[in-house]
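Enquirer: Structure provided below as structure tokens; questions to follow.
The values are calculated or read from the model by the stated rules, or taken from the named source; none is laboratory data. Since we're looking at a predicted model, the values are computed, not measured. Here the Cβ positions follow ideal geometry from the backbone for every residue, glycine too, while neighbour counts run over all protein chains shown.
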Amino acid sequence: MKKIALAFSLILATAFTVNAQEEDRLKPVEGNWGLSLNISGIINNIAVENNKDSLGQYNLVGRHYLKDNLVLRLGFGAAYLNNNQFNEDSVTIASGNRALQTVDSTTSRFDFKVSVGFEKHLGTTRRLDPYVGADLSIIRIGATNSTKDLSQTDVTGTLTERTTINQDGGAGFGLGAIAGFNYFLSKNLSLGVEFGYAYTYSKSGGDFSGNTRITPVSGTETTSSVFGKASNTETSIGATATGGIMLSFFF
């Protein structure tokens with residue numbers, strides 16, 4: 001009976017020790033997922049926002065622990081631009097009359113981006129978790145579509161003019177190294193700093209086309225069109241916008 005009691009006591013002690021060690025671990029383990037947010041404006045106005053990739057574009061970044069010390073980074077982002085401007089004023093037109101002029105213009109574009117990378121975690125302490133890694137970002141720049149509606153109304157009637165411009169989009173990528181560390185405030189909750197250094201390339205533009213239709217107060221409607229090419233290419237090597245203070249949650 002004494003031997004059985006002793007064996008049972010050893011089993012219980014071992015179980016309690018393992019559970020205590022598991023509860024005592026603050027860092028994520030193999031199979032865990034995590035999300036990270038940048039914290040900006042520490043000096044003036046604190047703000048929590050999505051992470052940025054090596055192209056400086058906002059990303060929602062997730063982490064998956066393939067092993068306790070090897071992490072897969074995945075980023076996704078989409079940005080829709082829709083800029084509208086409206087202006088109404090009194091102007092003097094070619095005939096010398098005063099007219100009420102309104103200008104209503106809209107510009108829209110949709111961008112899409114993804115990123116993938118790996119982190120190698122080096123920390124052996126309970127709270128401090130340094131890591132190094134690499135990151136690849138790819139972005140698709142959408143076509144830009146602009147529309148401008150102008151009208152001039154005076155005592156003789158209303159003149160209208162509509163102009164549309166369509167500009168090709170583009171693409172870009174960034175390949176770089178990252179280094180940082182997390183400091184775990186509690187289980188699976190950390191505050192960290194990350195820096196990046198990358199080669200980035202982007203090209204936007206290409207073919208463009210424009211069309212203008214004028215409907216005068218009296219007379220015949222006229223239409224004119226323009227076509228051409230315009231593009232912009234940027235290449236850089238250096239520190240990237242991934243640098244920042246990050247708040248991370250793991251589950």
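Enquirer: Condition first: surrounded by fewer than 13 Cβ atoms within 10 Å (Cβ to Cβ) and either at pLDDT 90 or above or part of a strand (DSSP E or B) (or both). Can you find one or more residues in the stretch 203-221 that meet it?
Expert: First, the residues of the stretch 203-221 that are surrounded by fewer than 13 Cβ atoms within 10 Å (Cβ to Cβ): 218-221.
Adding the requirement that they be either at pLDDT 90 or above or part of a strand (DSSP E or B) (or both) leaves 220-221.
So far as the stretch 203-221 goes, yes, one or more of its residues are surrounded by fewer than 13 Cβ atoms within 10 Å (Cβ to Cβ) and either at pLDDT 90 or above or part of a strand (DSSP E or B) (or both).
Enquirer: Which ones in the stretch 148-162 are polar (S, T, N, Q) and crowded, with 16+ Cβ neighbours inside 10 Å?
Expert: 151, 152, 160 - these are the residues of the stretch 148-162 that are polar (S, T, N, Q) and crowded, with 16+ Cβ neighbours inside 10 Å.
Enquirer: Residue by residue through the stretch 98-126, note down the ones that are modelled with pLDDT under 90 and under 30 Å from residue 217 (Cα atoms).
Expert: none
Enquirer: Right, here's the next one. Could you tell me whether any residue of the stretch 96-109 is over 30 Å from residue 177 (Cβ atoms), touching a Leu at 6+ places or on another chain (Cβ under 6 Å), of a type in the set (A, V, I, L, M) and part of a strand (DSSP E or B)?
Expert: yes
Enquirer: Just a yes or no: is a residue in the stretch 183-190 part of a strand (DSSP E or B) and on the phi > 0 side of the Ramachandran plot?
Expert: Looking for residues that are part of a strand (DSSP E or B) and on the phi > 0 side of the Ramachandran plot, one finds none in the stretch 183-190, hence no.
Enquirer: Go through the stretch 202-218 and give me each residue that's hydrophobic (A, V, I, L, M, F, W, C), more than 13 Å from residue 230 (Cα to Cα) and without any contact (Cβ under 8 Å) to a residue 60 or more places away in the chain.
Expert: 214
Enquirer: Looking at the stretch 147-176, which of the residues that are of a type outside the set (Val, Ile, Thr), assigned to a strand (DSSP E or B) and in contact with a Gly (Cβ under 7 Å, 6 or more places away or on another chain) is farthest from residue 93 (Cα to Cα)?
Expert: Taking the candidates together, the pick is 176.
Enquirer: Where residues in the stretch 127-151 are among the aliphatic types (A, V, I, L, M) and farther than 30 Å from residue 181 by Cα, which of them is modelled with the highest pLDDT?
Expert: Only one residue fits best here, namely 150.
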